[in-house]
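Comments concern the structure below.
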Amino acid sequence: MGNNETHDFFETIFRLDACNDTHEFLDFVQGQRHSTPDLVSAAAQLLAKGRVRSAYILAMLLGKRGQRNLVMSIALSAGGLIFSNTIEENNGLQFLQSQVDALPVEQQQENYDRMIAPLVTHLWACSAGKADPERVLRILQPFKAVVPDGFDWRAHVCKLCGGSADYWFHAQILGKHRVAYYLCDQCDFLFTEEPYWLEEAYAGVIGQQDVDDKDDRDGVARTLRSKDFVSMLLWNLFDAKAKFLDYGGSYGLFVRLMRDEGFEFYWQDKQCPNLFARGFEAVEGDRYELVTAFECFQHFADPMAELDRIFAQSDAVLFTTRLLPNPVPKPEEWSYYALESGRHLSFYSAKSLRKLAENRELAFLSNGTDTHLLAKRNIANGVFKGLSQWSKGHAETA
Ligand SMILES: [Zn+2]
């Protein structure tokens with residue numbers, strides 16, 4: 001096949017797959033003598049997108065041609081399980097283990113990340129109906145060399161809403177730890193497994209300027225913008241004479257700037273020393289009109305406990321954290337996963353925050369990208385009215 005024809009072939013495969021028209025798809029793949037490598041490559045790409053049905057059809061077609069390879073084995077075992085064809089399922093499983101074992105570990109990992117991880121939730125969802133989790137594990141287990149010892153692919157409990165959170169993918173953190181991420185099927189909150197690498201992730205950060213920190217928590221330009229924005233908010237919508245707290249206040253630059261503006265701001269941070277706002281550390285038991293938290297929420301290993309701590313001190317929190325895009329990006333597709341630093345653990349979708357607000361009987365306002373407010377409902381009405389008049393066009397309320 002020439003280059004153009006190859007291009008047309010893939011384009012047609014993906015177009016027909018997206019239409020969910022099995023007949024047309026079958027007509028096309030059986031109708032002409034497509035090359036075996038093209039069919040295998042198409043099956044691999046479809047698996048990577050979680051499109052099991054089409055990959056399964058291609059694998060059966062390749063099977064009729066007497067082919068046998070890893071992509072086919074994955075497609076047949078997963079497709080056979082999902083579409084209740086035990087014969088094809090066993091055809092796939094029969095060679096899966098030996099085909100995986102024949103690969104060097106790096107390639108096992110590559111195949112796992114590309115084709116298996118995107119399938120795991122489909123497989124669990126389908127096995128739930130069949131009440132047969134062992135069949136899912138038979139497909140996953142050949143890859144156990146590329147997940148940490150004793151790793152369990154089963155669902156976890158969502159740290160935010162207590163719902164069921166599916167295993168979503170593995171990503172390499174700090175260039176060496178294979179860390180699992182879980183996505184809540186009720187609130188779309190994505191979180192890492194229990195972090196054991198934090199000491200390493202924060203080594204060299206505490207007590208010295210962290211020039212490499214991509215979060216830029218103390219970035220001067222960012223802090224100046226926040227100062228203007230928060231000042232305007234406080235003058236117009238809160239009691240500007242009250243006390244305020246910057247939670248996770250980093251080196252204290254924001255607190256210092258706000259104090260220079262005339263606001264009674266205090267500082268609190270477990271990870272950072274206070275350099276710019278000495279003498280204005282928060283006092284245990286004090287109450288604040290508003291808590292601010294810039295680029296902190298994604299660092300929380302236990303977001304609910306942190307929220308408890310925040311709401312013990314105030315009735316409202318204004319915070320920044322980037323919303324998790326939909327669909328959930330793969331590890332290499334979103335820099336906010338901060339895999340090199342290993343310090344981002346929690347990723348909130350708009351739905352996560354809306355549900356969180358609902359569960360805690362809070363009001364929620366967001367600019368839809370990175371700036372959000374959670375507040376007790378009794379104080380929220382006035383603030384929200386002011387805010388929505390102010391930021392018309394790109395705000396959403398719940
Ligand atoms: Zn949840």
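The values are calculated or read from the model by the stated rules, or taken from the named source; none is laboratory data. These numbers were taken from a predicted model, which means no experiment stands behind them. Ideal geometry is used to build each Cβ from the backbone, glycine not excepted, and the neighbour counts take in all protein chains shown.
I'm checking my understanding of the structure. Among residues of segment 82-125 that are in contact with a strand residue (DSSP E or B) (Cβ under 6 Å, 6 or more places away or on another chain) and among the β-branched types (Val, Ile, Thr), which one is farthest from residue 144 (Cα to Cα)?
121
The condition (being in contact with a Cys (Cβ under 9 Å, 6 or more places away or on another chain) and outside any loop (DSSP other than H, G, I, E, B)) is satisfied by just one residue among 166, 113: 166. When 380, 357 are checked against the criterion of being modelled with pLDDT under 95, crowded, with 19+ Cβ neighbours inside 10 Å and either within 16 Å of the ligand (Cβ to nearest atom) or not in a loop (DSSP other than H, G, I, E, B) (or both), a single residue qualifies: 380. Of the numbered criteria (1) more than 17 Å from residue 52 (Cβ to Cβ); (2) surrounded by 20 or more Cβ atoms within 10 Å (Cβ to Cβ), the one residue 174 fails is (2). Would you confirm whether any residue within segment 192-205 is surrounded by fewer than 13 Cβ atoms within 10 Å (Cβ to Cβ), closer than 27 Å to residue 287 by Cα and modelled with pLDDT of 85 or more? No, every residue in segment 192-205 fails to be surrounded by fewer than 13 Cβ atoms within 10 Å (Cβ to Cβ), closer than 27 Å to residue 287 by Cα and modelled with pLDDT of 85 or more.
When the test is whether a residue is more than 17 Å from residue 80 (Cα to Cα), surrounded by 18 or more Cβ atoms within 10 Å (Cβ to Cβ) and not hydrophobic (A, V, I, L, M, F, W, C), residue 149 does not pass it. The set of residues in segment 237-266 being among the hydrophobic types (A, V, I, L, M, F, W, C), surrounded by 23 or more Cβ atoms within 10 Å (Cβ to Cβ) and under 16 Å from residue 316 (Cα atoms) consists of 244, 245, 265.
So which residues in segment 283-303 are assigned to a loop (DSSP other than H, G, I, E, B) and in contact with an Asp or Glu (Cβ under 9 Å, 6 or more places away or on another chain), if there are any at all? Listed by number, the residues that qualify are 287, 289, 295, 296, 300, 301. Within segment 109-139, the set of residues being over 14 Å from residue 182 (Cα atoms) and out of contact with any helix residue (DSSP H, G or I) (no Cβ under 7 Å at 6 or more places or on another chain) comprises 110, 113, 125, 128, 129, 130, 131, 132, 134, 137.
Please verify whether residue 98 is part of a helix (DSSP H, G or I), of a type in the set (Ser, Thr, Tyr), at pLDDT 95 or above and in the same structural domain as residue 40 (by TED's automatic domain parsing), treating the condition exactly as stated. Spelling it out, residue 98 is indeed part of a helix (DSSP H, G or I), of a type in the set (Ser, Thr, Tyr), at pLDDT 95 or above and in the same structural domain as residue 40 (by TED's automatic domain parsing).
Which count do you get for residues in segment 26-70 that are surrounded by 21 or more Cβ atoms within 10 Å (Cβ to Cβ) and acidic (Asp, Glu)? Summing the residues that are surrounded by 21 or more Cβ atoms within 10 Å (Cβ to Cβ) and acidic (Asp, Glu) in segment 26-70 gives 0.
Hey, can you tell me all the residues within segment 60-95 that are within 28 Å of the chain's Cα centre (by Cα), among the β-branched types (Val, Ile, Thr) and modelled with pLDDT of 95 or more? Answer for segment 60-95, where residues must be within 28 Å of the chain's Cα centre (by Cα), among the β-branched types (Val, Ile, Thr) and modelled with pLDDT of 95 or more: 71, 74.
Restricting attention to segment 323-337, the residues being more than 30 Å from residue 239 (Cβ to Cβ) and either among the β-branched types (Val, Ile, Thr) or assigned to a loop (DSSP other than H, G, I, E, B) (or both) number 8.
Look at residue 269 and say whether it is under 26 Å from residue 344 (Cβ atoms) and either among the aromatic types (Phe, Trp, Tyr) or surrounded by fewer than 24 Cβ atoms within 10 Å (Cβ to Cβ) (or both). Don't jump to the end; show me each part of the working.
Working: under 26 Å from residue 344 (Cβ atoms): yes; either among the aromatic types (Phe, Trp, Tyr) or surrounded by fewer than 24 Cβ atoms within 10 Å (Cβ to Cβ) (or both): yes.
Yes.
Given the condition more than 16 Å from the ligand (Cβ to nearest atom), free of Cβ contacts under 8 Å to residues at least 24 places away in the same chain, under 28 Å from residue 323 (Cα atoms) and among the hydroxyl-bearing types (Ser, Thr, Tyr), answer yes or no: does some residue in segment 153-164 qualify? No - not one qualifying residue is present in segment 153-164. Residues in segment 304-314 that are in contact with a strand residue (DSSP E or B) (Cβ under 7 Å, 6 or more places away or on another chain) and either over 23 Å from residue 222 (Cβ atoms) or assigned to a loop (DSSP other than H, G, I, E, B) (or both): 313 only. For segment 36-49, the condition of being in contact with a Lys or Arg (Cβ under 6 Å, 6 or more places away or on another chain) and either of a type in the set (Gly, Ala, Ser) or farther than 21 Å from residue 91 by Cα (or both) holds for at least one residue.
Is there a residue being out of contact with any strand residue (DSSP E or B) (no Cβ under 8 Å at 6 or more places or on another chain), more than 16 Å from the ligand (Cβ to nearest atom), outside the structural domain of residue 327 (by TED's automatic domain parsing) and part of a strand (DSSP E or B) anywhere in segment 174-182? Yes, that holds for at least one residue.
Just one residue in the set 141, 94 is polar (S, T, N, Q), closer than 21 Å to residue 40 by Cα, surrounded by fewer than 18 Cβ atoms within 10 Å (Cβ to Cβ) and away from the ligand (no atom under 16 Å from the Cβ); that residue is 94.
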